[in-house]
Amino acid sequence: MMLSGLRTPLIALGLAALLAGCQATPPLEPRGTGDLGVVVERATGSLAVVDTSARRILGRVEGLGDLSHASVKFSRDARYAFVFGRDGGLSRVDLLSGEITHRVMQSGNSIGGAISQDGSLVAVANYEPGGVRLFDSETLEPVAEIPATYRNAQGETVRSKVVGLVDAPGNRFVYSLFEAGEIAMIDMNGEAPKVTRFPDIGEAPYDALIGANGRYYIAGLFGEDGLALLDLWHVEEGVTRILPDYGRGEARLPVYKMPHLEGWAMAGDEAWLPAVGRHEVLLADTDDWSLEERIPVHGQPIFVMSRPDERQVWVNFAHPDNDVVQVIDTETREVIRTLSPGEAVLHMEFTPKGEHAWVSARDSDRITVYDTRTFEVLATLDSESPSGIFFTDRAHRIGL
């Protein structure tokens, strides 16, 4: 299937002209991928391929399986999207042709993945069976499997769910083991994977992030307050605990949806993060990871995302307050705008330099594009149950 509006690659045109011995018509210009992206359409198992410059949908790629909690990573050249489906499917999609080039059912239940620093490997985090599998990024041929085994309270060797898988500098991957309460790191620089494990980090790590410079890996803990931090510059120091008041706190409020740690905003020397079970955005000093301030917001935050210039932080919320997005000015630390993009806002994504924000509203079947300076609605795009939005500039950013 060819996407409407996408042009034939120049190499193919040149080869066709050579074989024909002449050209009846001038060749079409090829297009780059730097202003492309995808929107996950979870109800139909499809991706909408979008042009962020023209603010339009170019076409759709179907047949991607269960995308109810799907994530997407991009190849080093930003041409291919790797789609990690909840059903264990791993798909490689050509953004220019709109075709699935490779697809494997690699597990029974997976929860995201990562691309190695050199672009050669795709790693997948699996719930069932618990572990990490690695594949060649060109062919999706299997390279290695690392089971997430541990000993339970009965002394049995069992597998743990893997969460919070990220790429790290030095062709490494870092992830957390939910039931085991561990962080693990895979080093892919030798003939075989080298796995280093950091036990007893806290109860039930549920998600994690890595900072933009690739130094700090931080896991959130579902079973207790606080977070676990691994300094990848000094792994010999092991894991330390930070922000002991991060979690639910004394008042055990109902938690409708755990926040996504990937959505943390790093602005200057501060981390802006969603409070668990509270209607607050928290500010922490990244020098000593102490809590500085709590900012009241509309609901329980899910994503707290920094505009690329770090002047604004955009926040969306859990049910039942998920029809609103709020914008915080990072200088005044005040909410400066409340937007209403539609019902069940699931994800936001900034264009690479931050002039526009794309927002998906699942239950309104639409994507809204905002001007981040004026908050004007620039476009409204029809999309069936849209959720995750991913732009190709992620290909060149650590952890995304």
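What the table shows:
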{"item": "Members of segment 252-292 that are on the phi > 0 side of the Ramachandran plot and either surrounded by 15 or more Cβ atoms within 10 Å (Cβ to Cβ) or modelled with pLDDT of 85 or more (or both)", "result": "277, 289"}
{"item": "Among the candidates 201, 210, residue that is β-branched (Val, Ile, Thr) and within 21 Å of residue 110 (Cα to Cα)", "result": "210"}
{"item": "Test: residue in segment 66-84 that is of a type outside the set (S, T, N, Q), touching a helix residue (DSSP H, G or I) at 6+ places or on another chain (Cβ under 9 Å) and closer than 12 Å to residue 165 by Cβ", "result": "yes"}
{"item": "Meets criteria (surrounded by fewer than 22 Cβ atoms within 10 Å (Cβ to Cβ) and farther than 22 Å from residue 272 by Cβ) for residue 212", "result": "no"}
{"item": "Filtered residues of segment 319-378 (kept if surrounded by fewer than 21 Cβ atoms within 10 Å (Cβ to Cβ), in contact with a Ser or Thr (Cβ under 9 Å, 6 or more places away or on another chain) and charged (D, E, K, R))", "result": "323, 343, 355, 363, 365, 366"}
{"item": "Strands (runs of 3 or more DSSP E) lying entirely in segment 114-190 (those with 1 or more residues that are over 19 Å from the mean Cα position of the chain (by Cα), closer than 19 Å to residue 201 by Cα and among the acidic types (Asp, Glu))", "result": "182-187"}
{"item": "Single match in 164, 170, 112, 130 (criterion: in contact with a His (Cβ under 9 Å, 6 or more places away or on another chain) and touching a residue at least 40 places away in the same chain (Cβ under 8 Å))", "result": "112"}
{"item": "Count of residues meeting criterion [assigned to a strand (DSSP E or B) and touching a residue at least 40 places away in the same chain (Cβ under 8 Å)] in segment 84-97", "result": "4"}
{"item": "Some residue of segment 206-218 being at pLDDT 95 or above, under 19 Å from residue 238 (Cβ atoms) and in a loop (DSSP other than H, G, I, E, B)", "result": "no"}
{"item": "Which numbered condition residue 155 fails, given (1) over 20 Å from residue 233 (Cβ atoms); (2) modelled with pLDDT of 95 or more; (3) out of contact with any Asp or Glu (no Cβ under 6 Å at 6 or more places or on another chain)", "result": "(2)"}
{"item": "Residue in segment 148-156 that is buried (at least 22 other Cβ atoms within 10 Å of the Cβ), free of Cβ contacts under 8 Å to residues at least 40 places away in the same chain, among the small types (Gly, Ala, Ser) and closer than 29 Å to residue 224 by Cα present", "result": "yes"}
{"item": "Among the residues listed as 337, 307, 397, 362, the single one being free of Cβ contacts under 8 Å to residues at least 60 places away in the same chain and basic (Lys, Arg)", "result": "337"}
{"item": "Qualifying positions in segment 345-366 - touching a strand residue (DSSP E or B) at 6+ places or on another chain (Cβ under 6 Å) and closer than 18 Å to residue 321 by Cα", "result": "345, 346, 347, 348, 359, 360, 361, 362, 366"}
{"item": "In segment 57-76, the residues that are under 18 Å from the mean Cα position of the chain (by Cα) and part of a loop (DSSP other than H, G, I, E, B)", "result": "64, 66, 67, 68, 69, 70, 75, 76"}
{"item": "Test result for residue 38, at pLDDT 95 or above, in contact with a helix residue (DSSP H, G or I) (Cβ under 9 Å, 6 or more places away or on another chain) and not polar (S, T, N, Q)", "result": "yes"}
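Here is a yes/no grid of residues against (1) at pLDDT 95 or above; (2) surrounded by 22 or more Cβ atoms within 10 Å (Cβ to Cβ):
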position: 103; (1), (2): yes, no
position: 110; (1), (2): no, yes
position: 119; (1), (2): yes, no
position: 122; (1), (2): yes, yes
position: 166; (1), (2): yes, yes
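The values are calculated or read from the model by the stated rules, or taken from the named source; none is laboratory data. Because the structure is a prediction, the values reported are computed rather than measured. Positions of Cβ are backbone-derived with ideal geometry, glycine not excepted, and every protein chain shown enters the neighbour counts.
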